[in-house]
Amino acid sequence: MNLTAINVSLISTPLKQPFHTHLGTVTERESLIVEAVDTDGNSGFGEGVAFSSPWYTEETIGTSWHVVTEFLIPLLKKNLVSHPKDVSTLFGAIRRNHMAKSAIELALWDLYAKQKHVSLAKLIGGEADKIPSGVVVASKDEAEALEQTAMYVEEGYQRIKVKISPANDYRLLSRIRNAFPDLPIMADANSAYTLNDADRLKALDELGLLMIEQPLAHNDFLEHAKLQKKLATPICLDESINSYEDAVLAAELGSCRIISVKVGKVGGLSEAIRIHDFCRDRGIPVWCGGMIEFGVSRAHNIALASLPGFTIPGDISSSSRFWEEDIIKPEVSVENGWITVPKGPGIGFEVNRTRLEQTTIRSMAFRF
Ligand code: OSB
Ligand code: MG
């Protein structure tokens, strides 16, 4: 791919408002931005989406920095890569660290698409011109959650996801359901329950939810299968799905009826596409999850979500959902509930270098 340099930047920005889950609250977002440069001066960008602390996955921004700079970039320097697909094989020598791997792999996908003068969406077989947009309500306060829902419905979002736990579940969801009888609503529990709560979750069946995301442990398949048998509402797995093999396991065991794909969590776009293809063949609906990410990752998600198996609106909202100013130009915007899939080369958004520099707290350049 004629690489001449890789630049790694650690950026940090406060969120417009705190994002609460029962696992913890995010108020400030750090992210790793990787730029891959070729001999013709093309630049491809990727984003590493690990959080500052290991509350959601074991990876952190710190471990990503370590693995990217000490292991993955040295591997790339020593081995010729002619297609971004080669990267998964090359990085197979390093165990897990999916978000670190993905940050680089995504930069190479963007660069490769730019070298071929095609949009990333088209390169990977995307068919949609626009994708439906969903948004997450993650407030501690029930009245505020209702207000936010009303605001997002007004903005046109096609599906609302609400963070739930035993502290708010039925009460909050039934209030939202009563206020919006026809709204597609889903609930994300981020592992707030155990199998002993099956009756409590069964009570949510009457609310007509699209799905309940990850009710049980982050690494569980067996108990989710037992729970799914008891619920009419489809279970969707998020935390449990870290690879293609996890998706196969979940399908074989009946642990869920829907799968959420997060590119960073599964180690890159190639793996995300494998999961998509498997789910499409098996008739399992998939949707693209979100990581409170900046525009680079959002742009990659848009390309992924243009694949035909993505039949449910994902957690891909506008840049303004989280940021006063994003690091891409134009920013991601939602029009009447839809995001247009860009047709320009690569991810189809420019990186706003001024904003990138303003938000960078640490950077490192590697020459090839
Ligand atoms: O569980 O889906 C999740 C954000 C951070 C970590 C985990 C999750 C989330 C979200 C998506 O709910 C938020 C978004 O980016 O829109
Ligand atoms: Mg989730």
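Using a Gaussian network model of the chain with C-alpha springs under 10 Å, which one of Thr149, Thr311, Thr39 is most mobile by mean-square fluctuation?
In this elastic network of the chain, the residue with the biggest mean-square fluctuation among Thr149, Thr311, Thr39 is Thr39.
For a quick check: with amide H placed at 1.01 Å from N, whose amide H comes under 5 Å from Gly346's, ignoring anything fewer than 5 positions away on the same chain?
Residues meeting the amide H criterion: Lys114, Val118, Ser119, Leu120.
If I ignore ligands, DNA and RNA and count only protein heavy atoms, how much of His66 is accessible to a 1.4 Å probe, in Å² to the nearest 10?
My reading of the accessible area for His66 is about 90 Å².
Percent of accessible area on the chain owned by carbon and sulfur, 1.4 Å probe?
49 percent
Please state the Cα pair-distance histogram of region 122-340 with 5 angstrom bins from zero: what percent is in each bin?
That works out to 1, 7, 16, 19, 20, 17, 12, 6, 1, 0, in percent per bin.
What translational D, rounded to a whole number of µm²/s, comes out for the chain from Stokes-Einstein when the hydrodynamic radius is the Kirkwood one over Cα pairs, at 10 °C and 1.306 mPa s?
Using the Kirkwood radius from Cα pairs, D works out to 77 µm²/s.
List the residues, sorted by chain then number, that are 5 or more residues from Ser191 or on another chain and whose placed amide H is less than 5 Å from its amide H.
Amide H neighbours of Ser191: Leu216.
Loop only per DSSP, at most 14 neighbouring Cβ atoms within 10 Å: give me the GluC sites (Glu not before Pro) in region 1-74, ordered by residue number.
Answer in residue order: Glu58.
Report the relative contact order of region 122-340, percent, no decimals, based on alpha-carbon pairs under 8 angstrom and at least 6 residues apart.
23 percent
List the DSSP H helices in the chain whose Cα atoms stretch 24 Å or more along the helix axis and whose mean Kyte-Doolittle hydropathy is at least 1.6.
Sorted by number, there is nothing, because no helix extends far enough and scores high enough.
Kindly provide the trypsin sites (Lys or Arg not before Pro) of region 19-109 that DSSP labels as loop, not H, G, I, E or B, and whose Cβ sees at most 15 other Cβ atoms within 10 Å.
The qualifying sites are Arg95, Arg96.
Roughly what % of DSSP beta bridges within the chain run antiparallel, to the nearest 5?
Counting DSSP beta bridges with both partners in the chain, the antiparallel share is about 60 percent.
With an 8 Å cut-off on Cα pairs and a minimum separation of 6 or more residues, tell me the relative contact order of region 59-154 in percent.
Rounded, it is 22 percent for region 59-154.
Can you work out ³J(HN,Hα) from phi for every residue in region 56-69, in order, using Karplus 6.51 cos²θ - 1.76 cosθ + 1.60 and θ = phi - 60°, giving whole Hz and x for Gly and Pro?
Residue by residue, region 56-69 yields 9, 9, 5, 6, 10, 4, x, 5, 4, 4, 4, 6, 4, 7 Hz.
Amide H to amide H under 5 Å from Val137: which residues, 5+ apart in sequence or cross-chain, H placed 1.01 Å off N in plane?
Lys161, Val162, Lys163
Based on Cα positions only, what radius of gyration and what Dmax would you give for region 196-317, in angstroms?
Cα-based Rg and Dmax for region 196-317 come out at 14.0, 41 Å.
Taking a virtual spin label 7 Å from the Cα of Thr27 along the C-beta vector, which residues in region 117-151 bring their backbone nitrogen under 14 Å of it?
Label zone hits: 140.
Of the beta bridges DSSP finds with both residues in region 122-340, what % are antiparallel, to the nearest 5?
15 percent
At q = 0.32 Å⁻¹, what base-10 log of I(q)/I(0) does the Debye formula yield for region 86-132 when every alpha carbon is treated as an equal point scatterer in vacuo?
So the normalised log intensities work out to -1.09.
The values are calculated or read from the model by the stated rules, or taken from the named source; none is laboratory data. Every value quoted in this text rests on a predicted model; they were computed, and no experiment measured them. Glycine also receives a Cβ, built like all others from the backbone with ideal geometry; neighbour counts cover every protein chain displayed. What goes into the accessible areas is simple: the full protein's heavy atoms, side chains included, and nothing from ligands, DNA or RNA. Shrake-Rupley method; radii C 1.70, N 1.55, O 1.52, S 1.80 Å.
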